[in-house]
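Trainee: Encoded as structure tokens, here's the structure I'll be asking about.
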Amino acid sequence: MSGVDGTGVLSGLRIIELSAFVAAPLGGATLAELGAEVVRVDPPGGGIDAKRWPIHNGESLYWAGLNNGKKSVAIDTRTPDGQRLVTELIAKAGIMLTNLPAKGWSSYASLKVRRPDLIMAVLTGNPDGSPAVDYTVNAAVGFPFVTGPEDRELPINHVLPAWDALAGYMLAMGIVTAELHRTRTGNGQCITLSLMDVALSITSHLGMVGEALLDEVPRPRLGNYLYGSYSDDFKTRDGRYVIVVALTAGQWNRLVTATGIEQEVHALELSHGVDLRQEGARFQFREEVSNLLQEWMSSRSFAEVGEAFDQHQVLWGPYQTFKDLVTHDLRCSEANPMFRELDQPRIGRYLRAASPLHFSAADREAPKRAPVLGEDTRGVLHTWLGLDGGEVEALTAAGVVAG
């Protein structure tokens, strides 16, 4: 078994997941971390993301990280028997999550015949069902043209699949919402979501759609400056990089006091007739402000900067590599109750995170390892569908299932 212990705020909820890559697996993992019994179905030998980088000991850390707490069954859905088995599993669960093509036997219309109150969540790339991935979506909505150094002309991609992450969490929220609706009404439904709509929604919420429609001049690249406010990166005397942020007047006042630049700031305000306690003014004169701060930063060590900033409650933080994060930052260690070291079969022992959500009515969920591909096939077919050992062996011999 994959370590699912039947506890958590979503204990008793069953979900079948047919998925690949990030968003849909993250949605399933989010529900599993909160106690739902999530069974991921993959083809024997694994799907298209089974060996995706990063790899350690020949196994995918990516796959393991997106399948925490799930069960794994390996069924060939290209075969009629495989389709029948998965249909029966979906009917037992009552909830299905997928970002694979939902057509034919796996369409909502077909599956609803077997389970009338079925909840089915389907993620697509574009709203019309055509393919798209996080990176093509991000390119289309404009962010690569406001990312990177100010003097850069070509688009710059970012490495965080933000729309995948948001879509994964929205899928989890959608499933829980539909389950609440089914509990109240007895009715199931099909939930549809596209990566593009997720990106467009957030871009609209942040005012960027309205800005593009109403302003003649496109938003420029700003490097590490913060649009409409103040933030920048600085290098300390010993070569460390820090970020400093001042969103509010209080944060700005504390930064000025900590760095002792009150007179210089006053002179800058007088010469330009501005009040740098105003967020827009700090943005307008960001280069002058950074010049004042850089002299103070570059003459002090990282430790000295941190001590002064912490004393005055400045909003700041270090720039860190992933290696720095796991080596030096206690927030990414077992000092944080979200983390524990776990043995992941075929990979080894390393730090894993549980859900960041903590409910006061329940104990904090401990991290759970990911299953080995197909390790729960026999158990799920027996406990969910009542198949005995001989029936499972026959399916295995026929190549329909693997374990």
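Trainee: Which of (1) surrounded by fewer than 18 Cβ atoms within 10 Å (Cβ to Cβ); (2) farther than 20 Å from THR30 by Cα does VAL137 not meet, given it meets every other one?
Mentor: Unmet condition: (1).
Trainee: Do any helices (runs of 4 or more DSSP H) lying entirely in the range 312-403 carry at least 3 residues that are touching a helix residue (DSSP H, G or I) at 6+ places or on another chain (Cβ under 9 Å) and either farther than 22 Å from ILE55 by Cα or not hydrophobic (A, V, I, L, M, F, W, C) (or both), and which ones are they?
Mentor: 377-385, 389-397
Trainee: Continuing with the same structure: For the range 197-206, name all the residues that are hydrophobic (A, V, I, L, M, F, W, C) and either farther than 28 Å from ASN126 by Cβ or assigned to a helix (DSSP H, G or I) (or both).
Mentor: Correct list: VAL198, ALA199, LEU200, ILE202.
Trainee: Further question: LEU325 fails exactly one of the following numbered conditions: (1) among the aliphatic types (A, V, I, L, M); (2) over 20 Å from THR30 (Cα atoms); (3) out of contact with any Asp or Glu (no Cβ under 7 Å at 6 or more places or on another chain); (4) surrounded by 14 or more Cβ atoms within 10 Å (Cβ to Cβ). What is the number of that condition?
Mentor: Condition not satisfied by LEU325: (4).
This table checks each residue for (1) closer than 26 Å to THR396 by Cβ; (2) modelled with pLDDT under 95; (3) open to solvent by less than 20 Å² (accessible area, probe 1.4 Å).
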{"position": "ALA20", "(1), (2), (3)": "yes, no, yes"}
{"position": "ALA24", "(1), (2), (3)": "no, no, yes"}
{"position": "VAL41", "(1), (2), (3)": "yes, no, yes"}
{"position": "PRO54", "(1), (2), (3)": "no, no, no"}
{"position": "LEU66", "(1), (2), (3)": "no, no, no"}
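Trainee: Right, another one. Every residue in the range 289-305 that is surrounded by 16 or more Cβ atoms within 10 Å (Cβ to Cβ) and in contact (Cβ under 8 Å) with a residue 40 or more places away in the chain, please.
Mentor: VAL289, SER290, LEU293, MET297, ARG300, PHE302, VAL305, listed by residue number.
Trainee: Where in the range 207-288 are there helices (runs of 4 or more DSSP H), lying wholly inside it, with at least 1 residues that are open to solvent by less than 70 Å² (accessible area, probe 1.4 Å) and touching a residue at least 40 places away in the same chain (Cβ under 8 Å)?
Mentor: 208-214, 249-259, 279-284
Trainee: Do we find a residue being more than 21 Å from ILE191 (Cα to Cα), at pLDDT 95 or above and crowded, with 17+ Cβ neighbours inside 10 Å anywhere in the range 102-117?
Mentor: No, every residue in the range 102-117 fails to be more than 21 Å from ILE191 (Cα to Cα), at pLDDT 95 or above and crowded, with 17+ Cβ neighbours inside 10 Å.
Trainee: Among GLU334, GLU307, GLU341, which is at pLDDT 95 or above and more than 22 Å from the chain's Cα centre (by Cα)?
Mentor: GLU307 is the lone residue from the list that is at pLDDT 95 or above and more than 22 Å from the chain's Cα centre (by Cα).
Trainee: Which ones in the range 226-245 are over 20 Å from ASP275 (Cβ atoms), more than 25 Å from the chain's Cα centre (by Cα) and not charged (D, E, K, R)?
Mentor: PHE234, THR236, GLY239, TYR241
Trainee: Then there is this: For residues that are closer than 20 Å to GLY45 by Cα and open to solvent by less than 20 Å² (accessible area, probe 1.4 Å), tally how many sit in the range 359-394.
Mentor: Of the residues in that region, 8 qualify.
Trainee: Sticking with this structure for a sec: I need the full set of residues from the range 328-352 which are free of Cβ contacts under 8 Å to residues at least 40 places away in the same chain, surrounded by 14 or more Cβ atoms within 10 Å (Cβ to Cβ) and aliphatic (A, V, I, L, M), in order please.
Mentor: Answer for the range 328-352, where residues must be free of Cβ contacts under 8 Å to residues at least 40 places away in the same chain, surrounded by 14 or more Cβ atoms within 10 Å (Cβ to Cβ) and aliphatic (A, V, I, L, M): MET338, LEU342, LEU351.
Trainee: Considering (1) within 19 Å of TYR225 (Cα to Cα); (2) open to solvent by 60 Å² or more (accessible area, probe 1.4 Å); (3) free of Cβ contacts under 8 Å to residues at least 24 places away in the same chain; (4) under 35 Å from the mean Cα position of the chain (by Cα), say which one LEU315 fails and leave the rest.
Mentor: All conditions are met except number (3).
The values are calculated or read from the model by the stated rules, or taken from the named source; none is laboratory data. Every value quoted in this text rests on a predicted model; they were computed, and no experiment measured them. Quick reminder, even Gly has a Cβ in these numbers, built from the backbone with ideal geometry, and neighbours come from all protein chains shown. The accessibility values were calculated without ligands, DNA or RNA, using every heavy atom of the protein model including side chains. Shrake-Rupley method; radii C 1.70, N 1.55, O 1.52, S 1.80 Å.
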